[in-house]
Amino acid sequence: MIPQYEKYFCIENLQGITLEEVLVKSADNILVTDGSGVICIVSQVMLDSLSLKAEEVLNQKVSELVKKGYYDRSTSLECIQKGQEVVGVVRARNGHYVFSVSRPIFDRNGRVIYTITNTREQDIMTQLMEELETTRRAYRKYEHIAAYLGNNQSRNQAPIAASDVMKRLLETCRNVASTDGTVLLQGESGTGKEVCAAYIYRNSQRAQKAFLPINCGAIPVSLIESELFGYEKGAFTGADPKGRAGLLELADGGTAFLDEIGELPLDVQAKLLRFSETGEIRRVGGSKYIYTNVRIIAATNRNLSQMVKDHQFREDLYYRLNVIPIHIPPLRQRRDDIIPLAVHFMNHYNQKYQKRVTLTPALQKKLLQYSFPGNIRELRNIIERSVVTSTEWFLSQDAKAAAPPELPASRKIRPLKEAVREFEQDYIERAVKASGGNITQAAKLLNIHRTLLYKKRS
């Protein structure tokens, strides 16, 4: 026994077995070569994998196995050539990939006199790919959430509440946040339903988990079921061959904000009802149910009770969602919030566009007199447009002046693209208002797809 290896053996218990038997009987593929690549020892497992007999391998150069196509490379030879440990993936004759490790043994002069190679006889690449796919799925589980959390600043902003009605509303939101009940936020488009939903989420026990906003109206009808509930591989033409988890599955443990819930088709409403009652999801094309623990906050700008009467919305789902109803009033009914909101947006866009503009008394008066059919969204767009173009409503640099300087007529003419965009936004809001906040109906009036309408309003 070589002294330096004595610590690895219990000699008194190694009666009736030799080290040669240990090597040959090992469950791993073991191959020992000398310094010139001649095979000295081979385990039975390796012989079985090669379908060869010992006499066909021993005293043969390992390079012959490569030439005959048993392996596409030899880590043993690479180990001898490099004089160091070599780790690599080797393609075997049966088409499988095996993980191979070759380690050198040196003499006193530092020359390689032996190599010991271990390979695990299994399709390692397949295993690694499966593990990689598991990791990718775990990443995909949160990539939409991460994108939202990284890009949407409104989630981290406390709702602005200067009016009494909004102060009472936020107090209600804080009270319901501590529960796990389903919340239904109702109000006109642009009143800040998502901001209130995020506020409830931040003050809930799920604040450290996912918050996933889903605009049901912005998803094409043909895809909404698979987007919400996911699908198995081969569920439909063009589907991901691996299948995909749905958005509700991704929000497991957290909160799902279902905006524009009134836009859901009736068949999807049935699946959502089961999910809200049991927490169970069945993917499109799947047969098994997946349990998820998700709190639902729903929102709509439509009259769901009237939709129930018109058989456009399931009555049972309506009552399931309407556990904790919260109505958000339009901006025209809480005018004390207009100027604080305008200042907030102005500061934001000043920073974004690196400008120093401020509200004038004249503009404040105009804002307070305006009805804001588009609510907070319209106010935000007005402020951004005014900051970008520095119109006569704003002081471009001098915040102390009482009124903005007069601009030459030529400078009051803005680029056509901006003027067209302003007209388009105003016209869209008029269509939405004329449709009673019904996005689908407004899209029909404008003769555009509702998905495009959502994009233009965002």
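The values are calculated or read from the model by the stated rules, or taken from the named source; none is laboratory data. Here the structure is a predicted model, which means the values were calculated and not measured. We place every Cβ from the backbone using ideal geometry, glycine too, and count neighbours over all the protein chains shown. Protein only, heavy atoms only, side chains kept; ligands, DNA and RNA dropped before computing areas. Shrake-Rupley method; radii C 1.70, N 1.55, O 1.52, S 1.80 Å.
Accessible area per residue was computed with a 1.4 Å probe on protein heavy atoms; THR389 scores about 30 Å². Loop-located trypsin sites (Lys or Arg not before Pro) in the stretch 29-72 (DSSP state other than H, G, I, E, B) with a sparse environment of at most 11 neighbouring Cβ atoms within 10 Å: LYS53. Compare the Cα positions of LEU264, MET307, ASN293 along the charge dipole of the stretch 240-321 (+1 at Cβ of Lys, Arg; -1 at Cβ of Asp, Glu; about the Cα centre) and return the one farthest towards the positive end. After comparing all options, I get ASN293.
Of all DSSP bridge pairs formed entirely within the stretch 226-350, close to 45 percent run antiparallel. Taking θ as phi - 60° and the Karplus parameters 6.51, -1.76 and 1.60, the scalar couplings of the stretch 163-171 work out to 7, 5, 5, 6, 5, 5, 5, 5, 5 Hz in sequence order, x denoting glycine and proline. Loop-located trypsin sites (Lys or Arg not before Pro) across the stretch 204-242 with a Cβ neighbour count of 14 or fewer within 10 Å are LYS233, LYS242, with loop assigned by DSSP.
Extending 7 Å from the Cα toward the beta-carbon at both CYS40 and ASN322 defines two label points whose distance is 8.5 nm.
Annotation for the stretch 208-264: chymotrypsin sites (Phe, Trp or Tyr not before Pro) lying in DSSP loop with at most 14 further Cβ atoms inside 10 Å of their Cβ are PHE236.
Taking a ≥ b ≥ c as the square roots of the Cα gyration tensor eigenvalues, with a/c under 1.5 meaning rounded and otherwise prolate when a/b beats b/c, else oblate, which class fits the stretch 207-248? Verdict is oblate for the stretch 207-248.
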